[in-house]
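The values are calculated or read from the model by the stated rules, or taken from the named source; none is laboratory data. If you're wondering where the values come from, they're calculated on a predicted model, not measured in any experiment. Methodologically, a virtual Cβ is constructed for each residue, glycine included, from the backbone with ideal geometry; neighbour enumeration extends over all protein chains shown. Keep in mind that these areas ignore ligands, DNA and RNA; they rest on the heavy atoms of the full protein, side chains included. Shrake-Rupley method; radii C 1.70, N 1.55, O 1.52, S 1.80 Å.
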Amino acid sequence: MLDPSSSEEEDEVVEEERKVTQAPKTGAPRVSPNRTGESPGGLQPARTNNARPTSPGPSAALEKEKDDLEKMQREEEERKKRLQLYVFVMRCIAYPFNAKQPTDMARRQQKISKMHLQTVKDRFQAFLNGETQIVADEAFINAVQSYYEVFLKSDRVSRMVLSGGFSANDSRDVFKKHIEKRVRSLPEIDGLSKETVLSSWMAKFDTIYRGEEDPRKHQQRMTASAASELILSKDQLYEMFQQILGIKKFEHQLLYNACQLDNPDEQAAQIRRELDGRLQMADQIAKAGKFPKFVSKDMEAMYIEELKSSVNLLMANLESMPVSKGGEFKLQKLKRGHNTSIIDMGQEDENQLSKSDVVLSFTLEVVIMEVQGLKSLAPNRIVYCTMEVEGGQKLQTDQAEASKPTEKNMVICTATMPKLISYRIFLFCFQVVLHPTPNSPKQSEIHKMTVSKGCPDNDLRIKLAVRMDKPQNMKHCGYLWTIGKNVWKRWKKRFFVLVQVSQYTFAMCSYREKKAEPVELLQLDGYTVDYTDPQPDADRAQKHGMDEFISANPCNFNHSSLFEMVQRLTLDHRLNDSYSCLGWFSPGQVFVLDEYCARNGVRGCHRHLCYLSDLLERAENGAMIDPTLLHYSFAFCASHVHGNRPDGIGTVTVEERERFEEIKERLRVLLENQITHFRYCFPFGRPEGALKATLSLLERVLMKDIVTPVPQEEVKAVIRKCLEQAALVNYQRLSEYAKVEGRLVTPAKKLEDTLRLAELVIEVLQQNEEHHAEAFAWWSDLMVEHAETFLSLYAVDMDAALEVQPPDSWDSFPLFQLLNDYLRLDYNLCNGKFHKHLQDLYAPLVVRYVDLMESSIAQSIHRGFERESWEPVNNGSGTSEDLFWKLDALQTFIKDLHWPEEEFGKHLETRLKLMSSDMIESCVKRTRIAFEVKLQKSSRTTDFRVPQSICTMFNVMVDARAQSAKLHLCLSSFPCFLSRQYHSQIDDLIEETVKEMITLLVAKFVVILESVLAKLSRYDEGTLFSSFLSFTVKAASKYVDVPKPGMDVADAYVTFVRHSQDVLRDKVNEEMYIERLFDQWYTSTMNLLGTWLTDRMDLQLHLYQLKILIRVVKKKYRDFRLQGVLDSTLNSKMYETVKNRLMLEEATASVRDGGMLGISMKDSDEEDD
């Protein structure tokens, strides 16, 4: 920006731009004559010499040249119009007296550009790829991943960036809202509050968003941008409107200097001329009757009053401005006044000026540059000058040598007279008398000094530079020949001074020499006083064709049209700057537009109608416009058109009313379209509160007038229609995004697409609830209808996909679970229209699935047990594991369905319980039968080893009991009494079956012991075998050594017992069953031994029998005690009976046979194997 006071810089710019300025002026006349000359000169001979038709080539060229000429003319007219408009804008900036830059406007955030958005995406992608040094936990990474996928990569955000309504603050707020739910769902951690987690996450987000940028530079840039949004200097305002109107620097400089924008007096005088012209124009309109067309004839007189009152207000504002200003004008110190007494000529007596009101104070500066002809003094003589003002003090300069009389010496004095009678300057015996005025030349001049008698230097001259400052309230002075009616009645030359007391009060004063107060005074109150200073830049401006713009009378222009133009261009400039303004002007722009309207009489309704029209045009073209801003302007226009202005009824033109109705209809269409596309016009609830303001504005637009509220049902009907269309729009775009294929595809692919589309549908509904539900809080029922409509559109595709699925295919159940899990948790959509349709669609499938599963399980039980090998598989056999897995899977399936309808849900659970009970019962019974068959086929001797299958069968019982409890507990909605009943029946069955299995196994063990005892019975006393065996042994022993019967039978039995105990202990999973088995085993076998011995009470045991029994009893006691059988069971009465009998027989045998060869009941506890 060039300094307005710098003429040197201005000259340089003018020289540089001179050719550019002259080009259109010299070029246009040069082109035009050639075109007009070529046309007749080139075509006329053809018409006279030939009868053939002319070629279309020259005609086309001529038409093109004509179009180019018209285009150049239009461009030139546009340039002139902008220059003239810039002159008016410059004057508003240079001397504002109505408006000021507002300081209470909301600060606008820096907008995010398309390039910046891509940079942000890259930074977040780098973080997710682990390419940054930012340390983060898994929860934060997941949150950023979701934010990146859902928000940053959304096409709606890209559209918002293109609309200019997306700022960094929006991006940060969306992430903060996104993570708040996540953080609240995290478990509590001791010593770490969730607020701390939120703060830490936001700090990391800022680090990722900022990237490698220095935060100090970022803060400095933000501070500078915030300052530029508040208050702009005059130079900044000039530069801004140069850009807005396309004005070149040198053109601004020419206009600035020629308009004397740095001269406040000239600007105030210009305003007075303008206001006087507006008053005259109002009178002319009233006399000629050329009124605008009003809605009522009565408004014509009111219109004139409006014009005059607006001018009077401007005059009052101007009058309140200070006459003199120190330094640059400060906009924030501007005062508005309403003193209209200066306009009322009937009150002149109250404002009469006295002579003391116009006393002026001057500052005189005298610089002695050089003294010539001083020859009579020695060179080293010290000289100095003194100066005396008549009636004042004497002043002295600094001293100098006579040989150096060219040094500058200065004195300054102050006086209170417009024309100082004499300033006497003395140099020894020389003196000079001066009579300076404020109009005296400022350059130095040579004066001849008066020489006293006897001085040898007769031709002594002094070079002086005299400067007399003009007071701020003194506008002009000089000699005039004057004659007046009431004052200055004689034709005489007098010294006059024009003094400005206030903006509209001047005084013409005549002075005499040696008088501080005026001799005569004429007060110019209520007159338009004009005066001019020499304008050195006027010729230069005229030379460049600027004089027509400078001298143009503002009253002759249609300022409504000019303001519409400047406001439109300002809006374009604002929307293209670096701020997300949403259509709001900056404080500096608001100030200039306000000042222009007030100064040039632009009607407020016209201003807002133009503003609305421009905003609507931008919004219709995709720009983001704040609905609150639209609401303000619309409310102003509505109150004006309907006659409900806060300041009273004003005039309303037909054009304003018609244009208002047109804009109202455009606004209604726009608002309905934005509500219909609310997901795309206000993505993720951005800008904050915009959707809610849009709904409020729509309600205002639907009002018939400014007072009568619109019926709520009417508003509701409009919003309902918009949301119905919104459902269709949203679903169509969602289908396009999901790329749902409508052509022939496989059923599996169609189901896959439908499932993916369901995920997107749920995501859309969740986003609507999260970001838009608050705005529609007053119309929440309509949002529910919107969601149902949206889901109904999806239902069409869902039904089509399910219809083509093959029968008895269960791949579609995940679709039901996905939709049902969302719908059942939504208070408004649970058991709604779509939800019920979903249930009706899937209920038969669920029933069919359960039927087939029941049949399949029953068949698997039957076939499985027929082919069962009873090899251990997990906790049971292969068949039992398959059965319990299927039952558990079926139970999980039914549970995960979360069937929303209570009655059908209970029916499913009841059926599942009954099925589970039946299947477990069948499994238990089949296992019991197989157990018995297995035992029957096994050996009855000590060669018997407990097989793995026996243990597996026991484990099946254990698993059946556990699965029964699990299945019955998990189905919680099953009636309690029925649950207990079926559970009790299954447990009883399992318990009885286990008892039977233990009994059968113990019976097997008893049979094996019986086989051992049967072998021992052959040695009973008195039997044939016993006698034969004894005789044979005795006879043979005379000749050879006959081996005696050993302990093989006892050892084989002990081995059998120990092996069986180890297998059962290791393979059976239920300790209780093992304890019960061992108890019964021990008790039954001990009873068998007792019975066997009791049957031989009268017989003496054979030594062989005695040894075997002692070994068996001792080992059995010891082994079962090691297996944990209780002492009360071990030391039973039967055991004591057996023990006592064996000890008695042992004593008898010791006496009879001479000993037991180390086998005894006494040391049974100490004997090793």
Let's test the formula: R0 of 60 Å, r as the Cβ-Cβ distance of residue 323 and residue 121. What FRET efficiency results, to the nearest 0.05? 0.50
Which of 181/913; 934/1015; 121/692; 355/394; 177/906; 453/514 have a Cα-Cα distance over 31 Å? 181/913; 177/906
For 943, 547, 888, what's the largest-to-smallest order of accessible area, 1.4 Å probe? 943, 547, 888
If all Cα-Cα distances of the range 74-233 are sorted into 5 Å bins from 0 onward, what percent lands in each bin, rounded to whole numbers? 1, 7, 13, 15, 14, 12, 10, 7, 6, 5, 4, 4, 2, 1, 0, 0
So for the pair residue 363, residue 940, with labels modelled 7 Å out along Cα→Cβ, what separation do we get in nm? 14.4
Gained length - residue 1018 relative to residue 661, 0.36 nm times residue gap less alpha-carbon distance: 115.7 nm
Each label sits 7 Å from Cα toward the beta-carbon; between residue 512 and residue 137 the label points are separated, in nm, by 10.0
Through the Karplus equation 6.51 cos²θ - 1.76 cosθ + 1.60, θ set to phi - 60°, convert the phi angles of the range 85-93 into ³J(HN,Hα) values in whole Hz; use x for Gly and Pro. 5, 5, 4, 5, 5, 4, 5, 5, 6
For the range 448-500, size of Cβ-based charge dipole, Lys and Arg +1, Asp and Glu -1, in debye: 420
Please find the FRET efficiency linking residue 384 to residue 486, where r is the Cβ-Cβ separation and R0 is fixed at 45 Å, and quote it to the nearest 0.05. 0.30
Quick one: putting +1 on the C-beta of Lys and Arg, -1 on the C-beta of Asp and Glu, what dipole do you get for the range 433-475 around its Cα centre, in Debye to the nearest 20? 180
Additional length obtainable on full extension of the chain from residue 1006 to residue 176, 0.36 nm per residue less Cα span: 291.0 nm
Potential extension, residue 194-residue 763 segment - 0.36 nm per residue separation minus Cα distance: 202.2 nm
Nitroxide proxy distance, nm - points 7 Å out along Cα→Cβ at residue 1084 and residue 302: 11.7
Classify the range 466-530 as rounded, prolate or oblate, taking a ≥ b ≥ c as the square roots of the eigenvalues of its Cα gyration tensor: rounded when a/c is under 1.5, otherwise prolate if a/b is larger than b/c and oblate if not. oblate
List residues of the range 144-163, by number, whose backbone nitrogen lies under 18 Å from a label position 7 Å along Cα→C-beta of residue 576. 162-163
The FRET efficiency for residue 185 and residue 230, from their Cβ-Cβ distance with R0 = 56 Å and rounded to 0.05, is 0.85
When all protein chains stay in place, what accessible area (Å², nearest 10, 1.4 Å probe) is found for residue 999? 80
Can you send over the solvent-accessible area of residue 564, 1.4 Å probe, protein chains only, in Å² to the nearest 10? 50
Does anything in the range 809-837 have its amide N under 16 Å from the 7 Å Cα→Cβ label point of residue 903, and if so which residues? 831, 836-837
With +1 on the Cβ of every Lys and Arg and -1 on the Cβ of every Asp and Glu, and nothing else charged, how large is the dipole of the range 663-776 about its Cα centre, in debye rounded to the nearest 20? 360
